[in-house]
Amino acid sequence: MANFNIKRLSEDIRREISAAVSGVKDPRVADGFVTITRCELTNDMSYCKVWVACMGGSERTAKAVEGMTAASGYFKKQIAGAVRMRKIPELIFQSDNSLEYSEHIEDIIAHLPKRADEISDKEDGDGD
């Protein structure tokens, strides 16, 4: 069974990192619209995986991940000031491509035929 304390701490860490992103002066982070999609804290609370998404494609997201990794000390300081923990976990930033994937799925859905009779018209035309 999942430990609810770890889930609560993960959400607290996610919230604090999201709030601290605006204070980062690194242009890789400050120039893009960076979103923290989720955090996952290990059971021993020594590591925390942080998924980062950024508008502008996977290259922009990869640069934002590099910038956030470079600023991990700043994020740990912000977490230490807001969340009561004995030891602040090491932050591991990873790119999250779920926004691009959802856009891809929306494009596929947008190009599907709208009605069932359009499908039957295409089938009738292909058979000749």
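No value in this document is a laboratory result; all are computed from the given coordinates. In this text, all values refer to a predicted model and were calculated from it rather than measured experimentally. So basically every Cβ, Gly included, is an ideal-geometry build from the backbone, and we count neighbours across all protein chains shown.
Couple of notes before you dig in:
- Degrees separating the helix 116-126 axis from the principal Cα axis of the chain, which is the longest one: 60 degrees
- The label-point distance for HIS111 and SER58, in a model that sets each label 7 Å from Cα toward Cβ, rounds to 1.8 nm.
- With contributions of -39500 (n - 2.57) from each DSSP H run of at least four residues, the per-residue ellipticity at 222 nm computed over the chain stands at -16500 deg cm²/dmol.
- Exposure proxy ranking for HIS104, HIS111, based on other Cβ atoms within 10 angstrom of each Cβ and starting from the fewest, stands as HIS111, HIS104.
- Rounded tilt (10° steps) of 58-70 against the dominant C-alpha axis of the chain: 10 degrees
- Checking every one of the trypsin sites (Lys or Arg not before Pro) in the stretch 1-42 against DSSP loop status and a limit of 11 other Cβ atoms within 10 Å picks out LYS25.
- Most mobile of LYS49, LYS77, LYS87 in a GNM of the chain (Cα contacts under 10 Å): LYS87
- Straight-line cross-link partners of LYS63 among the lysines, defined as a Cα under 30 Å from its Cα and at least 8 positions apart when in the same chain: LYS7, LYS25, LYS49, LYS76, LYS77, LYS87.
- On Cα atoms only, tilt of 4-20 relative to the major axis of the chain in degrees: 90 degrees
- Diffusion constant of the chain at 20 °C, which comes from Stokes-Einstein with the Kirkwood Cα-pair radius and 1.002 mPa s, µm²/s: 127 µm²/s
- Inter-probe distance in nm under a simple model that places probes 7 Å from Cα toward Cβ, at HIS104 and GLU11: 3.0 nm
- Computed about its Cα centre, the charge dipole of the chain is approximately 1640 debye, with only Lys, Arg, Asp and Glu carrying charge at their Cβ.
- Residue among TYR101, GLY73, SER58 farthest towards the positive dipole end of the chain, charges placed on Cβ: GLY73
- Counting neighbouring Cβ atoms within 10 Å and putting the fewest first, the residues TYR74, TYR101, TYR47 line up as TYR101, TYR47, TYR74.
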